[in-house]
Each structure stands twice: as structure tokens, then as C-alpha cells.
1. From Phe173, Phe119, Phe193, Phe158, grab the single residue that is in contact with a Lys or Arg (Cβ under 8 Å, 6 or more places away or on another chain), of a type outside the set (Val, Ile, Thr) and farther than 23 Å from Ile60 by Cβ.
2. Can you name every residue in region 84-107 that is more than 18 Å from Glu125 (Cβ to Cβ), modelled with pLDDT of 95 or more and in a loop (DSSP other than H, G, I, E, B)?
3. Of the residues in region 137-161, how many are among the hydroxyl-bearing types (Ser, Thr, Tyr) and either more than 18 Å from the chain's Cα centre (by Cα) or at pLDDT 95 or above (or both)?
4. Pairs needed: first member in region 171-189, without any contact (Cβ under 8 Å) to a residue 12 or more places away in the chain; second member anywhere, surrounded by 14 or more Cβ atoms within 10 Å (Cβ to Cβ) and among the polar types (S, T, N, Q); C-beta distance under 7 Å; at least 6 residues apart or different chains.
5. Identify the residue in region 97-134 that is farther than 13 Å from Gly52 by Cβ and in contact (Cβ under 8 Å) with a residue 60 or more places away in the chain and, among all such residues, is surrounded by the fewest Cβ atoms within 10 Å (Cβ to Cβ).
6. Name the residue, out of Asp80, Asp100, Asp95, that is under 15 Å from Val136 (Cα atoms) and out of contact with any helix residue (DSSP H, G or I) (no Cβ under 6 Å at 6 or more places or on another chain).
7. Can you tell me how many residues within region 162-194 are over 18 Å from the mean Cα position of the chain (by Cα) and not charged (D, E, K, R)?
8. Restrict the check to region 58-77 and report whether at least one residue is in a loop (DSSP other than H, G, I, E, B), at pLDDT 90 or above and within 13 Å of the chain's Cα centre (by Cα).
Amino acid sequence: MSESTSRWQNTKSQSGADYDVRWKQMEADGKDPHGEVAFVQRYDPERVLDAGCGTGRVAIELANRGVDVVGFDLDGHMLDEAKSKAPDLDWFEGDAATIDLTDGGNYDVVVMAGNVMIFLEPGTEAAVVVNMARHVRPGGRFISGFGLRQDHYDLGSFDAHATLAGFELEDRFSTWDGDPFDGGDYAVSVFRFA
């Protein structure tokens, strides 16, 4: 088990199978719980890294749709749930600031859904963005969505860290449905690796 910590691990948030309850309820209510997957598919990736994959919701659905996908997370309980649901996929435990999954080549898309950037250990955000850049092939994309709150990571810092890592902002939306960014409290940013 990794000794690294994150804001996520310091919260009292649900983990493992308990975390999946909200997505199952959403599906039971007739809503699509896979908006992030549809969003990522707009970029027609063959290979995706689901960074901060949690219980594997995004990675598993991408795989179901024919995408070669690898997932990693720092939370072992979340990963155990992902592995139990999709044992044939590649799952890794590790810190987003230091993990190295480049052995098999780089990814068309690295996606961070689920507010990953605001749950990182404070002060590691720049290192995480740089490390994710190591995993993106030239011309590939880094896509991240997170809530914008004063007490957490902000878009100005995110953009600056992305620029330093070699990314160029391609587009920004306010939802995973692709609604235009309106300066609200949530942003989905799409960066292209130069």
C-alpha cells in the first residue's frame, strides 16, 4: 500500500462499493452515469489512461466501448472494487505525482474525472500535471474536470501548470455534456500535448 496521501484519503467520503451507490441510483433513475465516457470518446482515442480511476466506472465503460484502457488510483479500497468488477483490465495502485505507466507506450488521452485535481495532496498539483504529460503521446490530450471552490485548486494555477508541462488549452466546458464554460463552479478542461 502506498504511503502517499491525498485530500480524498483525509475525507470521510465513501469508498469501495459504497461509492458506486450514487451511480447505480443515477442509472436506475434513467440517467446516463457515463457522461465522462461519451465526452472522452469525442476525441476518438484508441488508448486511455484513467488517472484516479476510483472504482473503475469510467475505465470499465470505455473498455466496454472498445477502448484499450488502464486505470490507477491511490485508494486501495476503490481499486479493489474496480478489480472485482473488471479483473481483466489493468489496474495499478499509485500516486499521480510519481506513477510511471509509460512502459507500454503513451496514451491518446489521460482523463481525470471525478474531481481528482482537487483531492490531491496540496502542493503536488504541478508535479501531477507534469507526470500526466509524460503519459500523453504527442498530439494527445489531457482531460480533467473538477469543481471550482475557493479553498481548492484553481483554474489559473491549473492552466499555468499545464503550460509548464507542455500542454496547450484546446477547450473548456462547464459540464461533461460539453456545455460552454460560463465561469461557473465546475470546469472540464481539454489540453493538447504539443
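The values are calculated or read from the model by the stated rules, or taken from the named source; none is laboratory data. Being a predicted model, the structure only gives us computed values, none of them experimental. Ideal geometry is used to build each Cβ from the backbone, glycine not excepted, and the neighbour counts take in all protein chains shown.
1. Phe193
2. If the condition is that a residue be more than 18 Å from Glu125 (Cβ to Cβ), modelled with pLDDT of 95 or more and in a loop (DSSP other than H, G, I, E, B), then Ala86, Pro87, Asp88, Leu89, Asp100, Leu101 are the ones that fit.
3. Counting residues in region 137-161 that are among the hydroxyl-bearing types (Ser, Thr, Tyr) and either more than 18 Å from the chain's Cα centre (by Cα) or at pLDDT 95 or above (or both) gives 2.
4. The qualifying pairs are Pro180/Ser174; Phe181/Ser174; Asp182/Ser174.
5. Checking each candidate, the answer is Pro122.
6. Answer to the selection: Asp100.
7. Looking only at that region, the number is 8.
8. So far as region 58-77 goes, yes, one or more of its residues are in a loop (DSSP other than H, G, I, E, B), at pLDDT 90 or above and within 13 Å of the chain's Cα centre (by Cα).
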